[in-house]
1. Can you list residue pairs whose Cβ atoms sit under 6 Å apart, with the first residue in region 1-24 being under 25 Å from D62 (Cα atoms) and part of a strand (DSSP E or B) and the second being open to solvent by less than 80 Å² (accessible area, probe 1.4 Å) and not charged (D, E, K, R)? Count only pairs 6 or more apart in sequence or on different chains.
2. Any residue at all in region 133-144 that's surrounded by 16 or more Cβ atoms within 10 Å (Cβ to Cβ), among the acidic types (D, E) and not in a loop (DSSP other than H, G, I, E, B)?
3. Name the single residue that is most open to solvent (accessible area, probe 1.4 Å) among those in region 145-178 being part of a loop (DSSP other than H, G, I, E, B) and among the charged types (D, E, K, R).
4. I'd like to know if region 242-260 contains one or more residues that are farther than 30 Å from Q312 by Cα, touching a Leu at 6+ places or on another chain (Cβ under 7 Å), modelled with pLDDT of 90 or more and surrounded by 18 or more Cβ atoms within 10 Å (Cβ to Cβ).
Amino acid sequence: NIGEAIPWMKGAKYGGDFRLRYEAFDYIDKNNDAGSTGTTADRTRNRFRIRLRWGFEKDYGDDWKFGFRLATGSTTDPNSTNATLGNPGYFNFKTFNVDRAYVTYQPNGLKDYGLVKGVKIGAGKFDNPFLRYSTTILWDADVTPEGAFEQVNLQLLSSEDNKVNLYGTAGQFLVNENAGVDTDAEIYAYQAALNLSTYGFGTDQPVDFTTAVSWVEYTNWSQTVLAATNTASTSYLRTNSILADDFRVLDIYPEIMFAVNGTPVTLWGDYAVNTGNIGTVDIVPSLGNDIHDSDDAWGMGVKLGKANGAHQCRVGIQ
């Protein structure tokens, strides 16, 4: 309605959300007991956290879109937009940061052009385009990458009972723009997801089978980590917590979705392996830090329901 009164606001969407969370911690490690070798005193902790976000997005013609979002959080922690009450203390103000700032181009002429059902190109700071077919084994869900990405949707088959789609995504992310060295630290990521949606099982709703394969490569990562930090401190990829050089991670994510009494059920698995596996320092195997024993990870889980609208919820086990 605002677009009718203010023409330049036509096609604009804006809004936000607020979250208040309480967390209780109870440390029962008996470090205070006689003869204990622990170094941390027994204690409890009561923590209140808030998250406040507000964003704006606007279409420019049929092809272009611009948006941004502001959110609470720390400027040094890309994995969370939470702010802890009482930290810093003395009723200090909480910071508001740029969580997103992006431009996307989706050519209208390629929304239904033969096999091509959509093309999208984006740049800036944006939602992670790889989250749909990956898990926290690879990405922390709160990270908003910076750089550029490209996506394409191809429909390979379409019939009354079966549809086959191929989704392709590529990303070029700037991790650390190093003004003082010869090369920047970057992430290059690629993902292909093949989806079959079929009524072949005689169900009222289709059964979806999806297999996604991702390749995520860190380039010049040693330019960033050096001897001070490692990938665990940034957690873009959940890799080894020891100091290491460039990562080249292969990830395989299968998923099946079906309905039980109208409730969506999703079964998924995830396997990732670091094919680079290069250490920058000597690791003492006796300490349990041999890098060659820490180059792969796996996970599996189930999700019930979908939380993509009002009065809906989703639960999961992984």
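1. Y14/F56
2. Taking every residue of region 133-144 in turn, none turns out to be surrounded by 16 or more Cβ atoms within 10 Å (Cβ to Cβ), among the acidic types (D, E) and not in a loop (DSSP other than H, G, I, E, B).
3. E160
4. Within region 242-260, one or more residues are farther than 30 Å from Q312 by Cα, touching a Leu at 6+ places or on another chain (Cβ under 7 Å), modelled with pLDDT of 90 or more and surrounded by 18 or more Cβ atoms within 10 Å (Cβ to Cβ).
Okay, residues lined up against (1) over 21 Å from S158 (Cβ atoms); (2) out of contact with any Leu (no Cβ under 6 Å at 6 or more places or on another chain); (3) in contact (Cβ under 8 Å) with a residue 24 or more places away in the chain; (4) open to solvent by 70 Å² or more (accessible area, probe 1.4 Å):
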{"position": "F93", "(1), (2), (3), (4)": "yes, yes, no, yes"}
{"position": "Y102", "(1), (2), (3), (4)": "yes, yes, yes, no"}
{"position": "N108", "(1), (2), (3), (4)": "no, yes, yes, yes"}
{"position": "K111", "(1), (2), (3), (4)": "no, yes, no, yes"}
{"position": "G114", "(1), (2), (3), (4)": "no, yes, no, no"}
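The values are calculated or read from the model by the stated rules, or taken from the named source; none is laboratory data. Owing to the predicted nature of the structure, the values given are computational and were not obtained by experimental measurement. Neighbour counts run over all protein chains shown; Cβ positions are idealised from the backbone, glycine included. SASA here: full protein model, heavy atoms, side chains in, ligands and nucleic acids out. Shrake-Rupley method; radii C 1.70, N 1.55, O 1.52, S 1.80 Å.
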